[in-house]
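What follows is a set of notes on a single structure, which appears directly below.
Quick note: the coordinates plus some simple rules give every number you see, no bench work behind them. What you see is a predicted model; the values in this text were computed from it and never measured. Here the Cβ positions follow ideal geometry from the backbone for every residue, glycine too, while neighbour counts run over all protein chains shown.
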Amino acid sequence: MTTYTWHFPQFNTAKSEDDLADVVKVIQWRYVAEDGETSAQAYGAVDLGAPDPAAFTAYADLTERWTIDAVVASWGDSSLEDVQAALQAQIDIENDPPIVAMQPPFAS
């Protein structure tokens, strides 16, 4: 069974912007799929652009859910399920490769 785990190694923030403090500008993320000894990952950085003062969440109040939603929203037409399927396909190929290297049967 494959498990999926989010990792957020760093937020790049502006000390202040539009009278708001500690504004997250970039989220660095990694999404890891693990199935026993085999793993695959997707990673990237999301540029959040200018903050919306009406919908601003203070840095101290940010949650993992807020962060996941911001990352997934940045993917456009791709969904979390699409990314999971792609990672699962990588794991499947690693566990059962369609092409393998073999020595010629006449090699000594």
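Against the chain, whose longest principal axis is taken from its Cα atoms, helix 80-95 shows a tilt of about 30°. Sequentially through region 4-21, phi angles give Karplus couplings (6.51, -1.76, 1.60; θ = phi - 60°) of 10, 9, 8, 9, 10, x, 6, 10, 8, 10, 8, 4, 7, 7, 6, 6, 10, 9 Hz, Gly and Pro residues having no value and appearing as x.
Before rounding to the nearest 500, sum -39500 (n - 2.57) across all DSSP H runs of length at least 4 in the chain and divide by the residue total; then give [θ] at 222 nm in deg cm²/dmol. Intermediate results must be reported in sequence, preceding the final value.
Details: 2 runs with 26 residues, N = 108.
Estimated from H runs of four or more residues: -7500 deg cm²/dmol.
Taking 0.36 nm per residue of separation and subtracting the Cα-Cα distance, full extension of the segment from Asp22 to Phe8 would add 3.4 nm. For region 51-61, the Karplus equation 6.51 cos²θ - 1.76 cosθ + 1.60, evaluated at θ = phi - 60°, returns couplings of x, 9, x, 6, 10, 6, 10, 4, 3, 5, 9 Hz by residue, with Gly and Pro reported as x.
Its relative contact order, with pairs defined as Cα atoms under 8 Å and 6+ residues apart, puts region 9-48 at 34 percent. Axis of helix 64-73 versus longest Cα principal axis of the chain: the two differ by about 70°, to the nearest ten degrees. For the pair Asn95 and Ala70, label points projected 7 Å from Cα toward Cβ lie 3.4 nm apart. Over the C-alpha trace of region 66-108, radius of gyration and Dmax come out as 18.6, 60 angstrom.
If you take all other residues with their beta carbon under 9 Å from the beta carbon of Val23, and give Lys and Arg +1 and Asp and Glu -1, the sum is -1. Out of all Cα-Cα pairs in the chain, roughly what percent, to the nearest whole number, are more than 22 Å apart? When every Cα pair of the chain is considered, 47 percent fall beyond 22 Å.
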